[in-house]
Amino acid sequence: MSQFHMTRREEMLAAHFTKFFHDSSFVELEGGRILHVSKTSFCTSDDGGITWSKVYECKDRNGKPVGTSCTSLVKLSGNGIGLAGIVKPKDPQGADWMEQHWYMVFWRSDDGGKTWEPPVRMSRPGVDTFALQDTFLRTSSGRIILPVYLSIRHGHHPMDPPYPSTGKLAFNQFVSTGGHFYDTGFGACEALYSDDDGRTWKKNKDGALALHLDWNANISHVGEPSIAEVSPGKLVMMMRTKVGRLYQSWSMDNGETWTLPFPTSLAADTTPAQIRRIPSTGHLLIVWNQEGVEDIRRGFNRMRMSSAISRNGGGIWEFYQNILSVDDVVRIEPGPIGSVRPEEVYMGTPLQGVRIRESDYIKTAQFHGRWSYPSVFVMKDRVIVCHTYTHYEPHATKAELVKVGGANNEYNQMMKVLPLTWFYGGKQPSENLSLPRATDPAVP
């Protein structure tokens, strides 16, 4: 990993290679113990993430496993904790059509994860509903909110197989660098919320959020949202898009209604972000794949896991850092809003035909790494950040590169424990009096 870059690596408190991929989520239990879950695998830490217990599984009172994919933990009242996850659709043979869709469920424990109630359904039937892992929020009012995204899909690509993969040349061989540039579907975001510790659920009142590129004209996909509470009742939602930036939406009524999504100044490809409020400062922390137009066209997708801080409630971002990157560039200026894809793609569109490839963007790299899907847990003096991790070695086996740390190898995730000061450029957090505060009426 010596060819990869990290900002001020020497400040890192601990690093772990794990098998949790992108399903990690965390919650703090009574006494300061941290509970971690990935799908149906649980473990705990008593020293702030430096060391972890052996992995174990939990069963609900009906004897069935607790947990599923894309899990999210949340603190409930008293000693309670909640867990959300995605359930796959039933076998379509003879099944009711409304149950042929993905949906969200919720488990509740009233004793810190020792025993669990059977799951209850969170999302409505009739539409595929998903959530990014580790996105539960408990607001200052006690309401728990899970941002979700809806997917309307055709199901098959007209060239599947072969599918027009996106990637780049590494060691003069083609490697995948990211997915979903050619998804045959549309996505929109909603917020599910509960005021009774997850026993019953509602969705936001004003419908699904989509990306409006022009009034009554073009709309585009948004998905995998993450939310944070900026101040009591005021929430911000960050969304994945396909147009070169993260987009955001705001709620002024504790998640019941939301503004139309609009662009941030944060460059991104088709990958999600995690946003958190830092309790000790009230500032916002974001962790995401920061990539610009040039990066994407060269096939360097998911090649930079970055962080930034906002001290005025999301209006201005600063203190850019790289948690892991293939280069040492810490801030990327976003390009114009529009679809950007790696230059290696060979497929055209019915209206455009085959696109012209620019050879300057098609050059073989002598190293390649890929990481994405961060999970973020903020504590008093430190932050745990997890992300998927794969890098490639230049050994050909059956015309493929050997993945070191890939899904079929001994690990597929990196977990880092970083001091809170690391996210502020190695300095103690402070206010900047030249910035408007989050309570300023001028801040959206």
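Using just the helices of the chain, give the 222 nm mean residue ellipticity in deg cm²/dmol: DSSP H runs with n ≥ 4 each add -39,500 (n - 2.57), and the total is spread over all residues, rounded to 500.
0 deg cm²/dmol
In a Gaussian network model over the chain where Cα atoms closer than 10 Å are linked, find which of Val55, Val175, Val230 has the largest mean-square fluctuation.
Val55
Compute the distance from the alpha-carbon center of the stretch 181-234 to that of the stretch 283-299, in whole Å.
The distance from the Cα centre of the stretch 181-234 to that of the stretch 283-299 comes to 21 Å.
For Tyr103, which sequence-distant residues (separation of 5 or more, or a different chain) have an amide H within less than 5 Å of its own amide H, given hydrogens modelled in the peptide plane?
Val87, Thr129
Take the alpha carbon gyration tensor of the stretch 9-424, find the square roots of its eigenvalues, order them as a ≥ b ≥ c, and report rounded if a/c is under 1.5; if not, report prolate when a/b exceeds b/c, else oblate.
rounded
For the chain, the longest stretch holding no GluC sites (Glu not before Pro) located in a DSSP loop with at most 16 other Cβ atoms within 10 Å is which?
58-357
For an R0 of 41 angstrom, estimate the FRET efficiency from the Cβ-Cβ distance between Ser141 and Lys54 and round to the nearest 0.05.
0.65
Only Cα pairs within less than 10 Å get springs; with that Gaussian network setup on the chain, which residue of Arg276, Arg357, Arg245 has the largest fluctuation?
Looking only at Arg276, Arg357, Arg245, the largest GNM fluctuation is found for Arg357.
Which length gain, in nm to one decimal place, applies between Asn79 and Phe262 when the Cα-Cα distance is subtracted from 0.36 nm times their residue separation?
Here the answer is 62.1 nm.
Where a number appears in this text, it was derived from the coordinates with a stated rule and is not lab data. What you are looking at is a predicted structure, and each value in this text was computed from that prediction instead of being measured. Counting neighbours? That spans all protein chains shown, and the Cβs are built from the backbone with ideal geometry, glycine included.
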